[in-house]
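The values are calculated or read from the model by the stated rules, or taken from the named source; none is laboratory data. Since this is a predicted model, take the numbers as computed values, not measurements. Ideal geometry is used to build each Cβ from the backbone, glycine not excepted, and the neighbour counts take in all protein chains shown. Only protein heavy atoms, including side chains, enter the accessible area calculation; ligands, DNA and RNA are left aside. Shrake-Rupley method; radii C 1.70, N 1.55, O 1.52, S 1.80 Å.
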Amino acid sequence: MSADWTDGIARAQAHAPFLREGLQRQPELAELLAGGRVDAALAWAAAAGDGADRVEAALRRERLALAVTLALGDLAGAFPLDMVMTRLSDFADRALDAAIAAAIRERAPDEEPAGFFALALGKHGARELNYSSDIDPILLYDPDLLPRRERDDPGEAAQRVARRVVEMLSRQDAEGYVFRVDLRLRPASEVSPLAVSLDAALSHYESSALAWERAAFIRARSAAGDVAAGEAFLAAIRPFIWRRSLDFGAIVEIGRLTQRIRSHYDGPKSPGPGFDLKRGRGGIREVEFFAQTHQLIHGGRNPALRRRGTRHALDALAEAGLIPRDDALLLGQCYDRLRVVEHRLQMVDDRQTHSLPLDPAALDNVARLDGLADGSALLAELNEVTETVGSRFDALLEQMGEGAGSDGPQAGAVALPARLAELGFGDAEAMAARIASWSDGGVRALRSDAARSAFEAVAPDLFKALAAAPDPDGAFLRWEALLVSLPSAVNLFRLLQARPGLLEQLAHILSLAPPLAADLARRADLLDALIDASALDLPGSVPELAERMGRCETGDCYETVLDQIRRVVGELRFALGVQLIEAAHDPLDIARALARTAEAALTVAADATKAEFAAAHGHMPGAELVVLGLGRFGGGALTHASDLDIIYLFSGEPEGESDGRRPLGVTHYFNRLAQRVTGALSVATAEGALYQIDTRLRPQGAQGPLAVSIESFARYQREDAWTWEHMALARARPLYGPEAARKELAGIIAGVLATPRDPAKLKRDALKMRADMAAHKPPRGLLDAKLARGGLVDLEFIVHYLQLREGAAFDPELGKAVRLLIARGLLPAELAEAHDLMTRLLVASRLLAPDTEMPAPAAAAVLARACGCGDVARLLVDFANARRAVAAAWQDNFGTRLEIDDE
């Protein structure tokens, strides 16, 4: 049949608002299409983005032009289905490649993009994209090859590239968008970063991947970025996809996957209003999985079956004698017709839809866009098509031993999507499939009959609680991550069943606070701490906490104490996190409690380490270990993400020898002991890790010894220290050691801080230090209360400059120091409120917005409440006002202007 451009354009103008608008916005293209100038129209579309100033703008323009061109060619009968899908898929490859290259060059402009690639899966991998498809790439990187700035960690650089790729392709503006990007097919998507390293991905596919991932990789190909590296990766995991021999368990897995194609759809069973062309009986997915099931079973032994496209796979199966040739032909023809109607649905408004309209007029409109008389004619044709497909898929289900009436492991799954949808979850069908996979061996904690029984008992209430959470879908995904991480979950299920009140708290944790959800994934027993009535009380004093951490009930006391410290700190940090998201206490009080917890951990770890060390090396007569806290630790206000800034010192004379069986000199003794204390506070034991310890503020920094005498420290501070080191001393606080030694050290610090200074030099030094810091540590996101200009770091510089200039108003706690300076008339009163707001934001955002970007609405609302603001808009206004107040004080004291971005 020859092309009829006039009819195609007329149908588009009458029945597809998206195409009508596209023609109006691109009159030159419309003229080419009206004249049937196919090659010229395609060339015009390919060049539509030329001259754009940004990659994403160029891609949006090309996408619109290409979509209109292909749709009109399709409607006119000039472009066959295969050409349309291939051209759309090739554009997706180009778009991904351009976005990857641009994202890499943003950070490494002089480097050629390498070491980062996208694997195309699904319809994209098969070159069968539809008009409004999203794309489901897996982004992988080689840390040795990825170009990056010298100071960038390879993993962080890769995540930055991934985020920019998604943003460039998905963000919508007045010119539209390029592609919706879904990265959930990556390995362990619930817990893994957006871009996964090659080694991590290989390890996943070689050891822990599930049956559905094998099915997904049938159509995988290296599509963009470092394509050669992607092809090498696919070659490396080929044995995972194509197994030369299948055991019974693998065949059962495939059978269950096949059954779920049918059982997890609860819409209309035959074509009519609301019928889903993709998921319904006899729909697109059944044709695709009919082919993929045979490929999974036989493709390992017959490489000729490893074809990505659905039609090509059906033909190869028929050629191999595995399915009748007539079935291959009929299924292929039905597949093409279903895809064409799917395209018609999406042409109307550029929506990613697969369902026939509920409104009869809208159904008639789609039918007329397709060239039919009305919706009834379309339904009649689709009923015949879907019955042809559905009957053959029925036979496949019987062949796989998992018929539609099975009473096996998936019995009852048919109703699950409906129940989840009633609860309000987004993609109930996909969620039901994931839940079913848990009991199919996908989750080790559910492999025993006892575990499955305990889970089934709590599941209804669990899903109800997750659905009522502020972010139901996010809570569900984090619950799944928690479940996957646990070696056993029977006790957890029974706890939740016995204490239903915990379900709501658990749902809030999973929904609002990713770091707390991650903690639970490592230690599900943290929930036990919430059972007690005092769970929402702030912890007690440092001595009380130290007593709790130091309890030892076995003979092997040192290892036991280290584990006990980690258990107690984990419970306290988790409980304080829950208190924060439940608004039980002011974040400022939470910060102080976190500091008390860390100080107690330091006390107990140092005491236990000293005793263990003395067993071999004895004690040092007349000398003791002293620990000085700095930064937020010295100031007594930590966040959940804080490391501990400390300096190790020792009292007494620097000469002498310990009295143990393996004696050491003084300096060697205390440096070795300091190393052991650091390990006691940081090394992961069976109970996990504890804190990151930062000792770079010691005299001479990383070049100096780990521990020095108090006398040496005093001499260094008086004679050799830089201005920034004295500024750091303004927040120093002796935390550990004999009382006399701590008093001596506090007196030395007070004397150093009170030393008269040249105000001009002090100002120059402060400005240079802040400029250097801003260059090397820029703010990360919208809510970065610490590093944003006008934020807490700038406030600290103002405070420490004034303290050192005046030789007064010293207090390690920054908020108190601000108020002391206000009382002296050196700072405006509004800075006290600015400090408190930004500190609350810093503490709360470490849990609710750990990347410092605006979190999901539910978490954002909790964040605003934690900061004492009625809503997010008020929080942003107050944060901007606080930064402006700091900027004004900066200009008053330093005579330079801070650039404040209020957006």
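If you keep only loop residues by DSSP, which trypsin sites (Lys or Arg not before Pro) in the stretch 23-85 have at most 16 other Cβ atoms within 10 Å of their Cβ? Display every interim value, and only then the final one.
Values: sites: 25, 37, 54, 60, 61, 63; in loops: 37, 54.
Here the trypsin sites (Lys or Arg not before Pro) that fit, given the DSSP loop and packing criteria, are 37, 54.
Determine the share of the chain's accessible area contributed by carbon and sulfur atoms, expressed in whole percent, with a 1.4 angstrom probe.
Working: 18550 of 37200 Å².
That share works out to 50 percent.
Taking the inverse of the average 1/r across all pairs of different Cα atoms in the stretch 262-377, what Kirkwood radius in Å do you get?
Numbers: mean 1/r = 0.0651 Å⁻¹.
For the stretch 262-377, the Kirkwood estimate is 15.4 Å.
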(message) Need the full-extension length gain, residue 743 to residue 703, defined as separation in residues times 0.36 nm minus the C-alpha distance. One decimal, nm.
(response) 11.6 nm
(request) Return the distance in nm (one decimal) between the two label points of a simple spin-label model at residue 456 and residue 643, each offset 7 Å from Cα along Cα→Cβ. (result) 5.0
(message) Of 58, 100, 146, which is farthest towards the positive pole of the stretch 36-181's charge dipole, taken about the Cα centre with +1 and -1 on the beta-carbons of Lys, Arg and Asp, Glu respectively?
(response) 58
(request) Note the full-extension length gain between residue 383 and residue 711 as 0.36 nm times their separation in residues minus their Cα-Cα distance, in nm to one decimal. (result) 109.0 nm
(message) Compute the helix-to-body angle for 872-894: its Cα long axis versus the longest principal axis of the chain, expressed 0 to 90° and rounded to tens.
(response) 40
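Considering only the chain, what is the antiparallel percent among its DSSP beta bridges, to the nearest 5?
Numbers: 21 of 30 bridges.
Close to 70 percent.
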(message) Taking 8 Å as the Cα distance limit and 6 or more residues as the minimum spacing, I'd like the relative contact order of the chain as a percentage.
(response) 7
(message) Taking only the Cα atoms of the stretch 50-103, how large is their convex hull per residue, in Å³?
(response) 60
(request) Extending each Cα 7 Å along its Cβ direction at residue 333 and residue 110, get the distance between those two points in nm, one decimal. (result) 6.4
(request) Mind grabbing the base-10 log of I(q)/I(0) for the stretch 110-195 at q = 0.16, 0.17, 0.18 Å⁻¹? Debye formula, identical points on the C-alpha positions, no solvent, two decimal places. (result) -0.70, -0.78, -0.85
(request) For the chain, find the longest principal axis of its Cα atoms and tell me its angle to the long axis of helix 501-512, 0 to 90°, nearest 10. (result) 80
(message) Could you tell me what a quarter of the Cα convex hull surface of the stretch 17-156 works out to, in nm² with one decimal place?
(response) 9.6
(request) Could you grab the relative contact order for the stretch 348-390? Cα pairs under 8 Å, six or more apart, rounded to a whole percent. (result) 22
(message) For 722, 44, 479, give me the order by solvent-accessible area with a 1.4 Å probe, most accessible first, ignoring ligands, DNA and RNA.
(response) 722, 44, 479
(request) Kindly provide the pair-distance distribution of the stretch 277-330 built from C-alpha pairs, with 5 Å bins from 0 and whole-percent values in order of increasing distance. (result) 4, 23, 32, 23, 13, 4, 1
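For the chain, what does the helix formula give at 222 nm: sum of -39500 (n - 2.57) over DSSP H segments with n ≥ 4, over the residue count, nearest 500 deg cm²/dmol? Don't jump to the answer; show the numbers that get you there.
Details: 39 runs with 532 residues, N = 903.
Computed ellipticity for the chain at 222 nm equals -19000 deg cm²/dmol.
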(request) Specify which residue in the list 783, 866, 823 is farthest towards the positive end of the charge dipole of the stretch 754-903, using unit charges on the beta carbon of Lys, Arg (+1) and Asp, Glu (-1), about the Cα centre. (result) 823
(request) Treat every Asp and Glu Cβ in the stretch 463-537 as -1 and every Lys and Arg Cβ as +1, leave all other atoms uncharged, and give the resulting dipole magnitude about the Cα centre to the nearest 20 debye. (result) 200
(message) On a straight-distance basis, which lysines could pair with residue 610 in a cross-link, Cα separation under 27 angstrom, same-chain partners fewer than 8 positions away excluded?
(response) 743
(request) Extending each Cα 7 Å along its Cβ direction at residue 6 and residue 614, get the distance between those two points in nm, one decimal. (result) 10.3
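Over the chain, with the other protein chains present, what is the accessible area per residue in square angstrom, probe 1.4 angstrom?
I get 41 Å² per residue for the chain.
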(message) Going Cα to Cα from residue 278, which lysines come in below 29 Å? Please leave out same-chain ones fewer than 8 positions away.
(response) 123, 269, 464
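If you take every DSSP beta bridge whose two residues both sit in the stretch 623-716, what share of them, in percent to the nearest 5, is antiparallel? Intermediate results must be reported in sequence, preceding the final value.
Details: 8 of 13 bridges.
For the stretch 623-716, the DSSP antiparallel bridge percentage is about 60.
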(message) Which order do the peptides 872-885, 339-352, 279-292, 228-241 come out in when sorted by mean C-beta neighbours inside 10 angstrom, highest first?
(response) 279-292, 339-352, 872-885, 228-241
(message) To make sure I understand the rule: partners must be lysines, Cα under 25 Å from the Cα of residue 768, and not fewer than 8 residues away in the same chain. Which ones qualify?
(response) 777, 786
(request) For the stretch 780-902, restrict the atom set to alpha-carbon positions and state the Rg and Dmax in Å. (result) 14.4, 46
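Where does the stretch 448-582 land on Rg(C-alpha)/(2.2 N^0.38 Å)? Please report the intermediate quantities before stating the final value.
Details: Rg = 16.0 Å, N = 135, 2.2 N^0.38 = 14.2 Å.
Compactness ratio reported: 1.12.
For the stretch 696-854, would you read off the P(r) tail past 19 Å as a percentage of all alpha carbon pairs?
Values: 7610 of 12561 pairs.
The calculated P(r) of the stretch 696-854 puts 61 percent of pairs beyond 19 Å.
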(request) Compute, for residue 197, the solvent-accessible surface of its heavy atoms (probe 1.4 Å) with the complete set of protein chains present, and express it in square angstrom to the nearest 10. (result) 30
(message) Across the stretch 581-724, what fraction of all alpha-carbon pairs, as a whole percent, falls in each successive 10 Å bin from zero upward?
(response) 11, 37, 33, 15, 4, 0
(message) Can you give me the angle between helix 227-236 and the longest principal axis of the chain, using Cα atoms only, in degrees from 0 to 90, rounded to the nearest 10?
(response) 90
(message) P(r) for the chain, please, calculated from all Cα pair distances in 10 Å bins and given in %.
(response) 2, 10, 17, 20, 19, 14, 9, 6, 3, 0, 0
